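The values are calculated or read from the model by the stated rules, or taken from the named source; none is laboratory data. Source: prediction; values computed, not measured. Please note: Cβ atoms are built from the backbone with ideal geometry, for glycine as well, and neighbour counts cover all protein chains shown.
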Amino acid sequence: MLTTVIKQLFSGRRGASIDALLEEARAAFAAKDLVRTEKSAKDALAICPHHVEASYYYGIVALQRGNHTEALSALHDAEADGILGAEHACQMAFCHFALQNHAIAERYCEIALQHDSNYINAHALLVAIQMPGSDYTAVISAIHRSLRPATYLEIGVAQGKSIALANAETSSIGVDPEPDIQLPLSSKTRVFTKTSDTFFSEHDVRAEFGGRPIELAFIDGMHHFDFALRDFVHIERHCTQKSIILIHDCYPLNRATATRDRATTCWSGDVWRLILALKKHRPDLEIFTIAARPTGLALIRNLDPQSRVLSDNMDKIVAEFMATDYAVLDHNKREMLNWFPNDWTKIEGLLKPVVSDAHV
């Protein structure tokens, strides 16, 4: 007690109590006044070094100013009595990420998500750790520019962000039961307002493309494994061996975002099951799950439009993989989902056989 009184007299702001300084720090932080937050926290630490809450405020100010090593030291002091919550854990994660300690950063993100499974900052940082580089639309755009496909089919158009990436000369078809197009589309693009199951049952796809096969397709529909599987089967029948099918949402961040029913803002559904099913039942396919944020983009080639393995065993395959728990990915997610780096020089290499044949 005497030691604390002496420190209050000769350190920090004379006469100010630790409680008053912390109240100042809280109010300043709420007002986004970093200068006053830092001053109050620093004065509190002069009275009581390593104080948990004072260290926390001092640490987050240091983090926002880019002083990552100093921030990490202070936030570690704040951790002494246990993580204060999702925000504190995420601040720790950001520090470690900035210092290139990615494995530790990922661990702190998971701690934050234990406090709040829908904490968006933790999800955003996990995306940056697991899927660095450009997002999936940039990858799709580059694929369009490289392949310049004559025909393109897209399942799940939404606002048109991805179908608008097709080249002007590409004959494009989009399928969505409730499209909400917000972007201009080329004159050679048509959007069918119906479910994909209905579209494939009612339309001769090759006839819609003037007798030509599908050269490039993108599946981004219901975020459900069984729907994506049916879409894959329908599309492959109208392809050639050299066509490419892209599938979104194949690389989930964690269990909470990989559920069939949506419970988080960042959500990929259970499409990850499709990669496992194709690997087991169609080993002839070449599957590359590109680590394109936010939820991965699978590129599948070496298609076989004559194969009936999936269609003839559809119910059995769906039942098998609906019973597959996310735990199968816990220790080797990259290997299980055929992770591929989001590096355009490497991705373009996957397209070279297709490009070469197209120009023969």
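For the stretch 245-270, the set of residues classified as of a type in the set (A, V, I, L, M, F, W, C) and closer than 17 Å to G221 by Cα consists of I245, L246, I247, C250, A258, C266, W267, listed by residue number. Among the residues making up the stretch 143-166, those that are closer than 19 Å to P213 by Cα and crowded, with 17+ Cβ neighbours inside 10 Å are I143, H144, L147, P149, A150, T151, Y152, L153, E154, I155, I163, A166. Quick test for you: out of T295, T264, T324, pick the one residue that is of a type in the set (S, T, Y) and under 30 Å from R148 (Cβ atoms). Of the residues listed, the single one that is of a type in the set (S, T, Y) and under 30 Å from R148 (Cβ atoms) is T295. Candidates G66, G133, G59: the one that is touching an Asp or Glu at 6+ places or on another chain (Cβ under 8 Å) and either among the charged types (D, E, K, R) or outside any helix (DSSP H, G or I) (or both) is G133.
Residues in the stretch 231-247: is at least one in the same structural domain as T265 (by TED's automatic domain parsing), among the small types (G, A, S) and more than 22 Å from L299 (Cα to Cα)?
No: the stretch 231-247 contains no residue that is in the same structural domain as T265 (by TED's automatic domain parsing), among the small types (G, A, S) and more than 22 Å from L299 (Cα to Cα).
Matching residues to (1) closer than 30 Å to I163 by Cβ; (2) over 15 Å from the mean Cα position of the chain (by Cα):
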position	(1), (2)
I104	no, yes
I111	no, yes
I120	yes, no
H123	yes, no
V127	yes, no
T137	yes, no
R148	yes, yes
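Considering the stretch 138-160 alone, what residues qualify as being in contact with a Ser or Thr (Cβ under 6 Å, 6 or more places away or on another chain) and not aliphatic (A, V, I, L, M)? Once the filter is applied, which keeps residues that are in contact with a Ser or Thr (Cβ under 6 Å, 6 or more places away or on another chain) and not aliphatic (A, V, I, L, M), the stretch 138-160 yields P149, T151, Y152. So for the stretch 80-87 (the condition being surrounded by fewer than 19 Cβ atoms within 10 Å (Cβ to Cβ), at pLDDT 90 or above, among the acidic types (D, E) and touching a helix residue (DSSP H, G or I) at 6+ places or on another chain (Cβ under 6 Å)), does at least one residue qualify? Scanning the stretch 80-87 turns up no residue that is surrounded by fewer than 19 Cβ atoms within 10 Å (Cβ to Cβ), at pLDDT 90 or above, among the acidic types (D, E) and touching a helix residue (DSSP H, G or I) at 6+ places or on another chain (Cβ under 6 Å).
For the condition more than 30 Å from A263 (Cβ to Cβ), among the small types (G, A, S) and in contact (Cβ under 8 Å) with a residue 24 or more places away in the chain, what is the one hit in A25, A93, A89, A20? Selected residue: A25, the only one of A25, A93, A89, A20 that is more than 30 Å from A263 (Cβ to Cβ), among the small types (G, A, S) and in contact (Cβ under 8 Å) with a residue 24 or more places away in the chain.
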